[in-house]
Amino acid sequence: MDARASQQELERLTHVLLRFEQGLSETLEQRLQSRFADLEKAKRRKTTIALAAIVMFVLLVAGLTVWAIYFYGQRKLLASHDKNLTDLIAARKLEAARSYAEDVRQNAPALYGMPEIQNRIKTLETAELEEQTRQERFAQLLQDARTLGQTWDGHWQAEAKLGDAEKLAEKAPEHRQHAERKELDEARGELGATRGQQQAEINEAWLTEYGAWRQPFEQLDRSDPDEIQRLLREGEALAKRSKVDAHTRSQIQPQLEELRTGYDKQILNQTESELLQRITDAVGDRPKYTRSLQAYIEKLAQKPRAADFRQVLENESTSWDGIEAWDQLLARWATLQLNRINAAQAGELIAEAETLLQQHPGFPAAATVQQVIEFLRPIRARIKEDGTRLEASLIPDLDVPPVKDFRIVWQSQANGRPKRFYFMDQAPQVLVRTVKLEHLINNLGEMRQLEIPRQEVKNAELGRTFDWTSPQQQFYDYLVEQLPRLDDASWESTFFAIIRQLHTEPQLGPDFEMEPILKIEVLDRLLQTACEGSYAVQRGFGPWRDLIVKARQDGRLDLAANWVDPENDNGNRARAAAQRLIESMGPIEVASTRAGQAWKEMTASRSWERYRWVGYLIRDETQMWTCPVPAAGSDLTGDLVVFQRSSGTAPTLVKIGRLETGRATLVLAGAQVEGRPVFVTLAP
């Protein structure tokens, strides 16, 4: 028992004692019964605890289920309250939103304390604050408008304040918009009434001053220009008085017009005459003339002709520089000898002329000057950008087979036109009866052996052999001889001679011409350089180049055909086509004549009409056009012209009359303006 044995163990030990008839003492019996009673209590206590645990578990499950159902309902109700509050706030129904929130607080305090509802409450408070601020701003704007409207100068600021208030009213909740619009209308009405009262007071004060001004006007001595001018200045200042309405202010206009008329007749006419005389004296001197027109504009800006003078200065003054620049250019160009111009001089002349054409377009001589430029451009092209001469590449381009170093054997044919056999290095072997050779059959150096009866060889005899020189070699030698003599002065004549040499080959006769295909190639290369460096050659022989280009484009000319082999069918067909192309170019005399005419036209002495500034256009008192001519132009005779120009356009030459011994007779054509310079045309 002291060892705290279990009930089962105690019962076993008791049974052993009783089996051997040994009884238990009273004390031990009491302790044993007490021990059994404690063990029974402990057993009942464990059973009770187990049953309690089972009951608690069942209650927990039931509670959780009930709680889940309750929680789901509360979340659904929370979402509904949150959405309702959100919708009310978004619709600017703030009072309804506040009332709804209060109902939630009273009826569902647990939900009211949830974060979602509290966030909506904060949003509501922000919206209420914004609306309160808007209402306060609206009220302040109305108050500011009323305050500003009490003064004349503050009226427009007051209107602006009301405009700002109107914008705020548009943002008001629906239930407040009507009331705020009514407040706006009342404020505008008050502002208009105040403005009307202010206008009436200003007009009344002005009329008082106007009455005081009319008294000296009625008594004015119209013969005193100083008094007229003084009273006019006072009246104009009164007429420009600000704040007075236009109808009231217009009452002074008849008197002002009367004063202006009198002043114009007695004062302005004298001033105008002096200014116009200054303009007349300044004719021919551009800076002085410009200053004279500007002086008139400054002093008599109200005059109609001042607008004309201003138009002339703004749109036409640059033309005066242009006319002077053109006259100077033409004076120099009239002395040019274009047949002696070199490439460097041509470049300078072109640059000068092109600058003038760009800066001062529209001059009558522009077209003919442009023709001279077209004549000079090929001359300038004779010097390339790298400083080398244009013709310097001709010899290197032709210093190759089949032009140079190709030699030839001519074999007679029944048709009278001999065949051509070419070779380069090994000369034919001339025997008693035959000539043996290896001739080229293409440009790749391939050879074929051939033996020709000696009597069929048509080359010129040189002792026991023959002259094997080919036509292209002869032409190349001629070209090498001529080109060193070429300079700018002899460009056309040298190239005319070279082209003629190639085209006719007079030293060989018509039956021993250069291979037609090769002749076309050499001629095209030659004309390329000759035309690029000469206006006259372009006009004369340009049609030849056009024929070659067209023949290439339409396939009539096959420069790639093997013309080296006289037996090649493609080569023979291309040879015949090339010969027809050469014949279609016509006689060289025709091309030479064209070139010669172009040369003569462009190098002949030139002269252009020039223009001397002698006067300007002005209307007299009867509004008739006149042209005052200073004494400097009294000895000139010729047609009178003006250069009309609108802003941004080139000037147009218009004949307006005639100048005879200093007297101008005008027959105007087209729209004219006063102050426009008049020029006399000087004969070439």
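Looking across T494, T434, T469, one residue alone is surrounded by 12 or more Cβ atoms within 10 Å (Cβ to Cβ), of a type in the set (V, I, T) and closer than 25 Å to I383 by Cα. It is T494. I'd like to check something: does segment 553-565 contain any residue that is in a helix (DSSP H, G or I) and open to solvent by 30 Å² or more (accessible area, probe 1.4 Å)? Within segment 553-565, one or more residues are in a helix (DSSP H, G or I) and open to solvent by 30 Å² or more (accessible area, probe 1.4 Å).
Taking the condition part of a helix (DSSP H, G or I), under 53 Å from the mean Cα position of the chain (by Cα) and over 30 Å from V372 (Cα atoms), does I582 pass? Yes: the conditions hold for I582.
Sort out which residues of segment 519-542 are more than 12 Å from A598 (Cβ to Cβ) and either open to solvent by 50 Å² or more (accessible area, probe 1.4 Å) or among the polar types (S, T, N, Q) (or both), and write them in order of number. Within segment 519-542, E521, Q528, T529, E532 qualify.
Taking segment 604-668 as the region of interest, the strands (runs of 3 or more DSSP E) fully inside it that hold 3 or more residues being in contact with a helix residue (DSSP H, G or I) (Cβ under 7 Å, 6 or more places away or on another chain), in contact (Cβ under 8 Å) with a residue 24 or more places away in the chain and surrounded by 19 or more Cβ atoms within 10 Å (Cβ to Cβ) are 610-616. Comparison of T626, T593, T622 shows that the only residue that is within 27 Å of I499 (Cβ to Cβ) and of a type in the set (V, I, T) is T593.
Per-residue answers, yes or no, for (1) within 51 Å of the chain's Cα centre (by Cα); (2) assigned to a helix (DSSP H, G or I):
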position	(1), (2)
D87	no, yes
S99	no, yes
R105	no, yes
E125	no, yes
W152	yes, no
K167	yes, yes
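Among the residues of segment 333-350, is any part of a helix (DSSP H, G or I), closer than 18 Å to R610 by Cα and without any contact (Cβ under 8 Å) to a residue 60 or more places away in the chain? Scanning segment 333-350, I find no residue that is part of a helix (DSSP H, G or I), closer than 18 Å to R610 by Cα and without any contact (Cβ under 8 Å) to a residue 60 or more places away in the chain, so the answer is no. Is it the case that segment 294-315 has a residue that's part of a helix (DSSP H, G or I) and in contact with a strand residue (DSSP E or B) (Cβ under 6 Å, 6 or more places away or on another chain)? No, segment 294-315 contains no residue that is part of a helix (DSSP H, G or I) and in contact with a strand residue (DSSP E or B) (Cβ under 6 Å, 6 or more places away or on another chain). Scanning segment 233-270 for residues that are open to solvent by less than 40 Å² (accessible area, probe 1.4 Å) and at pLDDT 85 or above yields G235, L238, A239, V244, T248, I252, Q255, L256.
Selection of segment 62-95 for residues being among the aliphatic types (A, V, I, L, M), at pLDDT below 80 and open to solvent by 70 Å² or more (accessible area, probe 1.4 Å) yields L64, V66, I69.
For segment 443-464, check the following and say yes or no: at least one residue is of a type in the set (A, V, I, L, M, F, W, C), within 25 Å of L559 (Cα to Cα), in contact (Cβ under 8 Å) with a residue 60 or more places away in the chain and in contact with an Asp or Glu (Cβ under 7 Å, 6 or more places away or on another chain). So far as segment 443-464 goes, no, none of its residues is of a type in the set (A, V, I, L, M, F, W, C), within 25 Å of L559 (Cα to Cα), in contact (Cβ under 8 Å) with a residue 60 or more places away in the chain and in contact with an Asp or Glu (Cβ under 7 Å, 6 or more places away or on another chain).
Do we have any residue at all in segment 505-515 that's closer than 22 Å to L390 by Cα and surrounded by fewer than 19 Cβ atoms within 10 Å (Cβ to Cβ)? No, that holds for no residue.
The set of residues in segment 365-419 being open to solvent by less than 60 Å² (accessible area, probe 1.4 Å), under 30 Å from V641 (Cβ atoms) and not hydroxyl-bearing (S, T, Y) consists of A365, A366, V369, V372, I373, F375, L376. Take the conditions (1) in contact with a His (Cβ under 9 Å, 6 or more places away or on another chain); (2) surrounded by 13 or more Cβ atoms within 10 Å (Cβ to Cβ); V283 misses just one of them, which is (1). Of all residues in segment 385-414, those that are of a type in the set (F, W, Y) have Cβ atoms under 9 Å from Cβ atoms of residues that are assigned to a loop (DSSP other than H, G, I, E, B), 6 or more apart or on another chain, in F406/M424; F406/S470; F406/V564; W410/P418; W410/K458; W410/N459; W410/D511; W410/F512.
Here E257 passes the criteria (1) closer than 30 Å to V614 by Cα; (2) in a helix (DSSP H, G or I); (3) out of contact with any Leu (no Cβ under 9 Å at 6 or more places or on another chain) except the one numbered (1). Quick check on segment 472-482. Is at least one of its residues exposed (fewer than 13 other Cβ atoms within 10 Å of the Cβ) and free of Cβ contacts under 8 Å to residues at least 12 places away in the same chain? Yes, because at least one residue in segment 472-482 is exposed (fewer than 13 other Cβ atoms within 10 Å of the Cβ) and free of Cβ contacts under 8 Å to residues at least 12 places away in the same chain. Among the residues of segment 289-312, those identified as in contact (Cβ under 8 Å) with a residue 24 or more places away in the chain, under 21 Å from F643 (Cβ atoms) and open to solvent by 10 Å² or more (accessible area, probe 1.4 Å) are T290, R305, D308, Q311. Close contacts from segment 207-225, counting a first residue that is over 11 Å from G235 (Cβ atoms) and part of a helix (DSSP H, G or I) and a second that is open to solvent by less than 50 Å² (accessible area, probe 1.4 Å) and among the aromatic types (F, W, Y), with Cβ to Cβ under 9 Å and a gap of 6+ residues or different chains, come to P225/Y263. Only a single item in (1) touching a helix residue (DSSP H, G or I) at 6+ places or on another chain (Cβ under 6 Å); (2) open to solvent by less than 40 Å² (accessible area, probe 1.4 Å) is not met by A108, and it is number (1). I want to confirm something. Restricting to segment 173-211 and keeping residues that are open to solvent by less than 50 Å² (accessible area, probe 1.4 Å) and either at pLDDT below 85 or charged (D, E, K, R) (or both), which single residue is nearest to K93 (Cα to Cα)? Among residues in segment 173-211 that are open to solvent by less than 50 Å² (accessible area, probe 1.4 Å) and either at pLDDT below 85 or charged (D, E, K, R) (or both), the one nearest to K93 (Cα to Cα) is Q177. Being more than 43 Å from the chain's Cα centre (by Cα), closer than 20 Å to T290 by Cβ and open to solvent by 20 Å² or more (accessible area, probe 1.4 Å): is that true of P587 here? For P587, the condition - more than 43 Å from the chain's Cα centre (by Cα), closer than 20 Å to T290 by Cβ and open to solvent by 20 Å² or more (accessible area, probe 1.4 Å) - is not met. Please state which of the following conditions D639 fails to meet, knowing it meets all the rest: (1) over 15 Å from Y616 (Cβ atoms); (2) at pLDDT 85 or above; (3) out of contact with any Leu (no Cβ under 8 Å at 6 or more places or on another chain). In the conditions (1) over 15 Å from Y616 (Cβ atoms); (2) at pLDDT 85 or above; (3) out of contact with any Leu (no Cβ under 8 Å at 6 or more places or on another chain), D639 misses (3) alone.
Among the residues here, Q328 qualifies as open to solvent by 50 Å² or more (accessible area, probe 1.4 Å), outside any loop (DSSP other than H, G, I, E, B) and polar (S, T, N, Q). Restrict the check to segment 610-625 and report whether at least one residue is at pLDDT below 90 and under 30 Å from P378 (Cβ atoms). For segment 610-625, residues at pLDDT below 90 and under 30 Å from P378 (Cβ atoms): present.
The lone criterion from (1) open to solvent by 30 Å² or more (accessible area, probe 1.4 Å); (2) at pLDDT 90 or above; (3) under 30 Å from G533 (Cβ atoms) left unmet by N443 is number (2).
The values are calculated or read from the model by the stated rules, or taken from the named source; none is laboratory data. Note that this is a predicted model, so its numbers are computed, not measured. Neighbour counts are summed over all protein chains in view; Cβ atoms, including those assigned to glycine, are modelled from backbone coordinates with ideal geometry. For accessibility, only protein heavy atoms count, side chains too; no ligands or nucleic acids. Shrake-Rupley method; radii C 1.70, N 1.55, O 1.52, S 1.80 Å.
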